[in-house]
1. What residues have an amide H closer than 5 Å to that of residue B:226, excluding those fewer than 5 places away on the same chain, when H is modeled at 1.01 Å from N in the peptide plane?
2. Given the stretch B:148-231, what whole percent of its Cα pairs are spread farther than 18 Å?
3. When the chain is fully extended, how far beyond the present Cα-Cα distance does residue B:194 get from residue B:121, taking 0.36 nm per residue of separation?
4. So how do A:23, B:58 rank on accessible area, 1.4 Å probe, biggest first, that is with the largest at the start?
5. Quick one: pull the percent of accessible area on the stretch A:27-102 belonging to carbon and sulfur, 1.4 Å probe, ligands and nucleic acids left out.
6. Using a 1.4 angstrom probe on heavy atoms only, work out the carbon and sulfur share of the accessible area of the stretch B:179-231 in %.
7. Between residue B:14 and residue A:33, what is the FRET efficiency for a Förster distance of 41 Å, r being their Cβ-Cβ separation, to the nearest 0.05?
8. Quick check for you: with a 1.4 Å probe and neighbouring chains kept, what is the accessible area per residue of the protein assembly as shown, in Å²?
Amino acid sequence: MSIFLYIAVMAITTYLVRMIPFTVFRKQIKSRFIKSVLFYLPYAVLTAMTIPAIFYSTGNMMTAVAGTVVAIIMAYFNLPLIVVAVSASAAALIAHFILLYIG
Amino acid sequence: MRSPYTKGLIDGIAIGLGYLSVSFGFGVMAVKAGLSILATVGISLTNLTSAGQAAGVTVIAAGGTLIEMLLTQLVINLRYSLMGFTLSQKLDNTFNTPRRMLVSFGITDEIFAVACAQKERLTAKYMYGLITMPVIGWSLGTLLGAAAGAVLPSYISDVLGILLYGMFIAIVVPPAKKNRHILFAVILSIGFSLLIKYVFTFISSGFAVIISAVAASVITALFFPVKEDEV
């Protein structure tokens, strides 16, 4: 399939999701259930995107697990996004060299 | 007195710098998945979102259907609807429909957070300013990442593939630590996601994210509906 079609569907869907409520709706959402689902959804989405995909993100599960563990620890201590992200990569890189050395 | 546009521009610098580094990770990842540099930058310019783009690239790399792409983007980016709705209550009365349609393109988690923190009502000019640096940072970072991904030694581009996921972890862990109900949703989501990946292997990765996230959120919402002041 054409890459252009994929990007068009992606861009249009994402735009409409943003644009319609911002432009059209003027009423407050009342349903407590829907509000609750929308409250939990971002965390559930990011989690499902991360696990298990992160374990395959470096091409080697050992280095990926090292990066994941470091990221979770850094995030637990509320470090900034970019610090957590770069540390995960650094940990995976160090693990890569350790594996080279012992392997 | 600074103009509203300049004030927005300045407020957006930190976001732009953050995006520059995170989108670098997206660029590396997309090129690794087989996309051209042009397509990769095109995605960032037209989408301006991390999670949705990462999922979109996964769908493209797997040769998924357009319906799968549409549903993936819809579910992953649904939070922008809520943010857009929330922001729409805060706009000043010069914010007509064309301006709303233009500004809505720039609703992201960080821009939403900064816009919400403003004491006064939001003007279109302030929002144009606020969105400028993030769009530049996001597109430029993607370009640099995509270009680097094509020339860096593979062991470097391999470990950069984890950048974006590291950022997702950094977004999820702190609130999950503070709020047990969020933690419950996160654990459910991990459970469903692993179950689909290793047991129900016929489900594609795009749908796996949708099914896991919606199931986890609905179940958590049924057990632990949020209080009025939480949302």
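The values are calculated or read from the model by the stated rules, or taken from the named source; none is laboratory data. Fair warning: this is a prediction, and the values are worked out from it, not measured in the lab. Here the Cβ positions follow ideal geometry from the backbone for every residue, glycine too, while neighbour counts run over all protein chains shown. Heavy atoms of the whole protein, side chains included, go into the accessibility calculation; ligands, DNA and RNA do not. Shrake-Rupley method; radii C 1.70, N 1.55, O 1.52, S 1.80 Å.
1. For residue B:226, whose amide H was placed from the backbone, the distant partners under 5 Å are A:36.
2. On the way: 2013 of 3486 pairs.
For the stretch B:148-231, the fraction of Cα-Cα distances above 18 Å is 58 percent.
3. Numbers: separation 73, 0.36 × 73 = 26.28 nm, distance 4.43 nm.
Here the segment from residue B:194 to residue B:121 would lengthen by 21.9 nm.
4. Working: A:23 10, B:58 50 Å².
The most accessible residue leads, giving B:58, A:23.
5. About 77 percent, which is the carbon plus sulfur part of the accessible surface.
6. With neighbouring chains kept in place, the figure for the stretch B:179-231 is 74 percent.
7. On the way: r = 36 Å, r/R0 = 0.87.
So, using R0 = 41 Å, E works out to roughly 0.70.
8. Details: 15220 Å² over 334 residues.
Computed with neighbouring chains in place, this is 46 Å² per residue.
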